[in-house]
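Chemist: Structure below; questions to follow.
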Amino acid sequence: MSADDSLACQDCGATLRFHGTRTTRCPYCASPSVLARPASPDLPNPDFVVAFGISEASALERAKNWTRSRGVFTHGGILRASIEDVRGVYLPAYLYTSIGSASYSAQIGEDYQEIETYAETVNGRTEMRTRTVTKTEWRSLTGEWQGYFRDVVVSASRGLPNAELEAVEPFDLRLLRRFSEAQVQGWITEEPSMQLGACVADARQEAMQGLGQTLDRLMPGDSHSDLQFTSHFEREQASLVLVPCWVLAVRYDKEKPPVRLVINGQTGKAWGKAPLSWLRIAIAVLLTAAVIAGLVVAARGRP
Amino acid sequence: MSCARCASPLEVGDIRCAVCSLPAPAGSDAPARTTASILRCDECGAAVTYSAEHVGTRCPFCGAVAHLEQPADPIEAAEGFLPFRVSPAEAAAALRSWMDTLGFFRPSDLAAKATVDHIRPLFFAGWLFEADALVSWAADSDAGSGSSEWAPHSGQVPMRFDNVLVSASRGLSAQEVARLASGFQLTNIAPEPVGATEAMVERFDVQRSTARAIIANAVHGTAYARTESGQVPGRRVRNCHISVMVQALQSRRYGFPAYVLAYRYGDKAYRAVVHGQDAAIAFGDAPLSIRKILLVAFGVAALVLIIVAVLSNR
Ligand SMILES: [Zn+2]
Ligand SMILES: [Zn+2]
C-alpha cells in the first residue's frame, strides 16, 4: 500500500490514510470492511499537528484503569473486559478563533437587611419583637462585551463526533506544530469527513457556551438571574489540525459489539460510554421500593 | 511582522499570535526546528526532555505534575539599559535625607550615626509594555442605589497603556519595583550598560511563555485598577469584574538602574533602595526608637490617669 492510498470505512464513514502502517481495520469501529480509494485531491491539507504524548502501553494502562473505575450500575463484564484493537489515530479537527461580541441583559440581585417587627406569645402574653431579615432588590442590567475566542477545537471526523472529542479535551495547544508528513510517519491519519461550514457552526456553538460562562462570571450583585445575550462573531478563522487519540475497543460481552474508549493521546484523559447493567439497576430499584414499603408498614404499625 | 487581527508583534518561532491566537501565515515562522520539548516540573524545577515513549506529564524526580515548555521558548536577554542619572555619592546623600523624613519614632541620630556598608549599583530586570485594550466591565457601586446600598453598573471602555513597568526581578520585591516604577525617563536607552561599570546586571530568568503570562497578568491588573477607580460611578465599588480584549501588545525587556544600600545602626544591618534616576525616590528598612515609643506610651498612660483622676474628683 503506498503512502498516498486512502481507505474508506464502509461502516462508519471514516476516511483514513496509513503512513507506513499496515492495518486493514477501521480504528473507530474496528470494522474490517475498509476499501482502498485514491486520495482526494480537493481535501484541505492539515495546517497544524499536536503530537502524541502517551505511548501505547500507557494508553492500555489508562484503559484498564478506566474499566476498573466504573460505577456499580455498570455492566459486570466491564471489570473483566478485554481490550482489543488499540489504535493511535490523528483525528482531524478544526481549531477555531474569532472576535466575539455580545449584548447581554440580566436581573441583578442586591441584598439588603431590614429590621422586621413581629408579635410573639410568651407565657400567654403577646410581645412585640424585632428580627433582621435579608431581602433582595432586583435591578436590571444591560451591557456589551467583546473578546477573543482563542482555543476552540471541534472534530472534523464523522468517525469520532465532536461530543466525544469534547469529552477528552483539552489539548495543550502550546505544543501545536506546523504540519509535516514526517510528523505523522508511522501513524494513521484520518481525513476530514465533515464540511468546514458544519464544523464552524459547531465551533460557534462551543464559543457561545464559553461566552455564557464568561458573562456569568462578569455579573455583579449578590446573585443574578435571567442572563440573556445575543452574540456575533467576526474575523473568524479555522485551521485544520490533527490531534492525537488512542481509540480502543473494550470487549465486555462476546455477544455484543465492543465499547469504544477514546484516550487523549497527549494528556491521557479517557472517555467511553460504559454499558449499564439493567439487572443491577432493577435490583437497586426493587430494593429501594422494598425499603420504602417496609418503612411505611412500620410507621402504620405504630399506635 | 505583526498579527493581522490584533496587530501584536509576532516573534520568531510563533505559529500563532500570543494575544488573540490567530495563526501566523505559513512560512513566516522560522523553519521547524527539531529541538526537543522540555518537561518542566512545577514542584522541583527539574527539566527533562519530553518523549512520547516513556513519560507522561509527571516529573520523573518527584512525581509532581510537570508542564511542557514550548520548544521555541528561549530565555531572553535585556534589549536595552536605562542610564544611571544618580551617582553613588548622591545615592548615599539620598539615603541620609530619606532617614530625616522618617518621623518622630525613629532614633534622632539615625542619619548622623548610621554607617553605610555598601552601595551597590544594579540594573534590575523588567518589562515595559504598551497596548490598546477594550475593557468590558460590570460592578456594583453605591451610585444609583435603592433599598440596597448597592446598584449594578456596566460599561465598555477603550484604554491605552503606555510604557507600564512590569517587574522581572527576583532581587527586588514587587512592592519595591512598584515604588521605583514612576521615576524612570525613557530617553538615552543604550544597548549596553553605560556609566556605572561596576553595576550588576540582573538576568531575565523566565522563558518567553512565562514572560507573556506575567505581562498578560499585568495588563489585566492595570486595566482592573483603572476600571475600579476611574470607570465605575460612585464612591464605593464591589464585585468589579472585567474582560480585556488586548490589541497591539508590545513589550520590551530592559535593565533599570537602582542602588541597593546596606547600612548599620548600632549593631544591626538594614537595607534601603535608591532610584537610579531620581534620588528623591528612596526607601527601605529603618530602626525604631524604643526609647521614644516607651516615652510616648508612658506619656499617654499618665495623661489618661490624670483625666480619670480629675473626673472622679468632681
Ligand atoms: Zn469505522
Ligand atoms: Zn493577534
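Chemist: Does A:Gly186 qualify as being at positive phi and either in contact (Cβ under 8 Å) with a residue 40 or more places away in the chain or open to solvent by 20 Å² or more (accessible area, probe 1.4 Å) (or both)?
Modeler: yes
Chemist: So, one more: Tell me yes or no: at least one residue of the stretch A:257-268 is hydrophobic (A, V, I, L, M, F, W, C), open to solvent by 50 Å² or more (accessible area, probe 1.4 Å) and assigned by TED's automatic domain parsing to the domain that holds A:Gly159. Even if it seems obvious, please write down each step before you answer.
Modeler: Within the stretch A:257-268, the first condition is being hydrophobic (A, V, I, L, M, F, W, C), and the residues that meet it are A:259, A:261-263.
Now narrow it down to the ones that are open to solvent by 50 Å² or more (accessible area, probe 1.4 Å): none.
Checked against the condition, which is being hydrophobic (A, V, I, L, M, F, W, C), open to solvent by 50 Å² or more (accessible area, probe 1.4 Å) and assigned by TED's automatic domain parsing to the domain that holds A:Gly159, the stretch A:257-268 yields no hits at all.
Chemist: Those residues that are among the aromatic types (Phe, Trp, Tyr) and assigned to a helix (DSSP H, G or I), I need them from the stretch B:264-306; list them, please.
Modeler: Just the residues of the stretch B:264-306 that are among the aromatic types (Phe, Trp, Tyr), to begin with: B:265, B:270, B:283, B:298.
Within the stretch B:264-306, B:Phe298 is the sole residue that qualifies.
Chemist: While we're on this one: In the stretch A:111-127, how many are open to solvent by 100 Å² or more (accessible area, probe 1.4 Å) and closer than 28 Å to B:Gly146 by Cβ?
Modeler: Total meeting the criteria: 2.
The rows are residues; the columns are (1) crowded, with 16+ Cβ neighbours inside 10 Å; (2) away from every other protein chain (no Cβ under 14 Å).
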site	(1), (2)
B:Gly80	yes, yes
B:Met99	yes, yes
B:Gly103	no, yes
B:Leu110	yes, yes
B:Val116	no, yes
B:Leu122	yes, yes
B:Phe129	yes, yes
B:Ala133	yes, no
B:Ala138	yes, no
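Chemist: Sticking with this structure for a sec: Please tell me if A:Arg235 is closer than 30 Å to A:Asp47 by Cα and open to solvent by 60 Å² or more (accessible area, probe 1.4 Å).
Modeler: yes
Chemist: Further, regarding this structure: Does the stretch A:86-106 hold any residues that are of a type in the set (S, T, N, Q) and crowded, with 21+ Cβ neighbours inside 10 Å, and which are they?
Modeler: Residues satisfying the conditions are A:Thr97, A:Ser98.
Table: residues versus (1) part of a helix (DSSP H, G or I); (2) open to solvent by less than 30 Å² (accessible area, probe 1.4 Å); (3) of a type outside the set (Phe, Trp, Tyr).
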| site | (1), (2), (3) |
| --- | --- |
| A:Glu166 | yes, no, yes |
| A:Phe171 | no, yes, no |
| A:Cys199 | yes, yes, yes |
| A:Gly221 | no, yes, yes |
| A:His224 | no, no, yes |
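Chemist: Would you be able to say whether some residue in the stretch A:71-82 is within 14 Å of chain B (Cβ to nearest Cβ) and at pLDDT below 90?
Modeler: no
Chemist: Ok, one more. Can we say A:Ala156 is open to solvent by less than 30 Å² (accessible area, probe 1.4 Å), of a type in the set (Gly, Ala, Ser), under 30 Å from A:Leu176 (Cα atoms) and more than 9 Å from every other protein chain (Cβ to nearest Cβ)?
Modeler: yes
Chemist: When you go through (1) part of a loop (DSSP other than H, G, I, E, B); (2) away from ligand 1 (no atom under 16 Å from the Cβ); (3) farther than 30 Å from A:Leu215 by Cα one by one for A:Ser157, which number turns out not to apply?
Modeler: Single failed check for A:Ser157: (2).
Chemist: Going through the stretch A:41-70 one residue at a time, which ones are more than 10 Å from chain B (Cβ to nearest Cβ), in contact (Cβ under 8 Å) with a residue 60 or more places away in the chain, in a loop (DSSP other than H, G, I, E, B) and within 21 Å of the chain's Cα centre (by Cα)?
Modeler: Hits for the stretch A:41-70 are A:Val50, A:Arg70.
Chemist: Among the numbered conditions (1) buried (at least 22 other Cβ atoms within 10 Å of the Cβ); (2) within 14 Å of chain B (Cβ to nearest Cβ); (3) at pLDDT below 95, tell me where A:Trp145 comes up short.
Modeler: Here A:Trp145 meets the rest and fails (3).
The values are calculated or read from the model by the stated rules, or taken from the named source; none is laboratory data. Computed from a predicted structure; not experimentally measured. Please note: Cβ atoms are built from the backbone with ideal geometry, for glycine as well, and neighbour counts cover all protein chains shown. Quick note on the areas: whole protein, heavy atoms, side chains included, nothing else; ligands and nucleic acids left out. Shrake-Rupley method; radii C 1.70, N 1.55, O 1.52, S 1.80 Å.
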